[in-house]
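The values are calculated or read from the model by the stated rules, or taken from the named source; none is laboratory data. Keep in mind it's a predicted model, so treat the numbers as computed, not measured. What goes into the accessible areas is simple: the full protein's heavy atoms, side chains included, and nothing from ligands, DNA or RNA. Shrake-Rupley method; radii C 1.70, N 1.55, O 1.52, S 1.80 Å.
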Amino acid sequence: MKIMNKKKSTENTVSYGVIGLGRFGSALARRLAEAGEEVIVVDCSESKVKELRQYTENAYVADELSKEVLEEIGIQNCDTVIVGIGEKIDTCILTTLNVVNLGVPRVIAKAISSDQGEVLEKIGAEVVYPERDMALRLARRLLTGSVLDNISLNNNVEIAEVRLTEKSAGRSILEMDLRRSFGLNIIALEHNGKTDTEVDPAYIFKGDEILVVIGKKENITRFEKEK
């Protein structure tokens with residue numbers, strides 16, 4: 001067993017832990033650290049860990065990811081741990097199980113297949129499919145031509161950015177009445193590079209705005225076709 005780090009393993013509560021510093025894990029760890037969160041990062045590659053040491057002092061090189069090693073690192077002190085080693089399926093599953101057994105409140109694991117995802121869910125992890133989700137989001141944008149981005153929530157609810165067309169020009173927010181007509185609520189409106197979260201019902205659309213709306217996925221799709 002080998003653990004390398006310039007700093008002693010943390011004994012204090014840490015917001016996040018990221019195990020596996022591939023493209024997914026590294027980008028996630030950097031973004032969390034840049035947002036001011038305290039992050040523990042772990043990987044078997046000294047070069048990958050070294051790159052992250054400019055973002056966090058809690059950066060560890062570990063040649064194995066047993067429960068004992070993870071505990072020595074301090075993974076059990078994290079509120080949320082993300083296991084980003086989906087490609088090595090057996091390692092991913094075993095590491096996720098070890099993190100769950102250490103009592104981490106929230107464990108999120110990257111999966112590359114539905115079968116892998118099912119196993120991860122059964123051992124108590126939330127599952128993400130980064131490559132699949134990115135492909136689906138791109139396909140959605142290509143097919144609709146109007147949805148710029150979207151975030152899927154629970155119960156088939158989404159937050160989506162929708163670009164309006166000239167068809168909406170001259171109509172007011174009150175007149176369009178998205179809540180009654182489509183079951184959608186406007187969260188924000190963007191026009192000429194400015195974003196307004198306090199939207200005036202009397203606002204008259206120019207036809208080139210971006211609306212951020214929340215509602216059922218099928219209602220967003222219906223609005224995209226009729227806007």
Expressed as a percent, the accessible surface of segment 146-226 that is carbon or sulfur, using a 1.4 Å probe and the full set of protein chains, is 49
With all protein chains present and a 1.4 Å probe, how do 221, 56, 197 order by accessible area, largest first? 197, 221, 56
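Extension gain residue 54-residue 88, at 0.36 nm per residue separation less the Cα-Cα distance, in nm? Walk me through the numbers before you get to the answer.
Values: separation 34, 0.36 × 34 = 12.24 nm, distance 2.67 nm.
Taking residue 54 through residue 88 to full extension adds about 9.6 nm, to one decimal.
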Selected from 76, 116, 54 as most flexible by GNM, with the chain as the system and alpha-carbon contacts under 10 Å: 54
With every protein chain in place, the accessible area of residue 196 for a 1.4 Å probe, in Å² rounded to the nearest 10, comes to 70
When the chain is treated as a GNM, springs tying every alpha-carbon pair under 10 Å, which of 111, 160, 125 comes out with the largest mean-square fluctuation? 160
Rounded to the nearest whole Å², what accessible area per residue is found for the chain with the 1.4 Å probe? 56
With Cα springs under 10 Å, the Gaussian network model of the chain assigns the largest mean-square fluctuation among 57, 68, 198 to 198
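What length, rounded to one decimal in nm, is gained on full extension from residue 222 through to residue 171, with 0.36 nm per residue of separation minus their alpha-carbon distance?
Values: separation 51, 0.36 × 51 = 18.36 nm, distance 1.82 nm.
Extra length available between residue 222 and residue 171 comes to 16.5 nm.
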In the structure displayed, which of 67/217; 88/216; 122/225; 50/194; 167/216; 50/110 lie more than 29 Å apart, Cα to Cα? 67/217; 88/216; 122/225; 50/194
Using helices alone, I'd like the mean residue ellipticity at 222 nm for the chain: each DSSP H run of four-plus residues gives -39500 (n - 2.57), total over residue count, nearest 500. -10000 deg cm²/dmol
Given [x] 1, 6, 15, 20, 22, 18, 12, 5, 1, 0; [y] 1, 7, 13, 15, 13, 10, 9, 9, 9, 7, 4, 2, 1, 0; [z] 1, 6, 9, 11, 13, 14, 13, 11, 8, 6, 4, 2, 1, 0, 0 as candidate values of P(r) over Cα pairs in 5 Å bins from 0, in percent, which corresponds to the one derived from the coordinates? [y]
If amide H atoms are built 1.01 Å from N in the plane of the peptide, which residues on other chains or at least 5 residues away come under 5 Å of the amide H of residue 127? 109
Leaving ligands, DNA and RNA out of it, report the carbon-plus-sulfur percent of the accessible area of segment 42-134 at a 1.4 Å probe. 49
Inter-part distance where segment 71-130 and segment 154-227 are each reduced to a Cα centre, Å: 37
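What do you reckon, how do 163, 132 stack up by accessible area (1.4 Å probe), largest on top?
Per-residue accessible area, sorted high to low, gives 132, 163.
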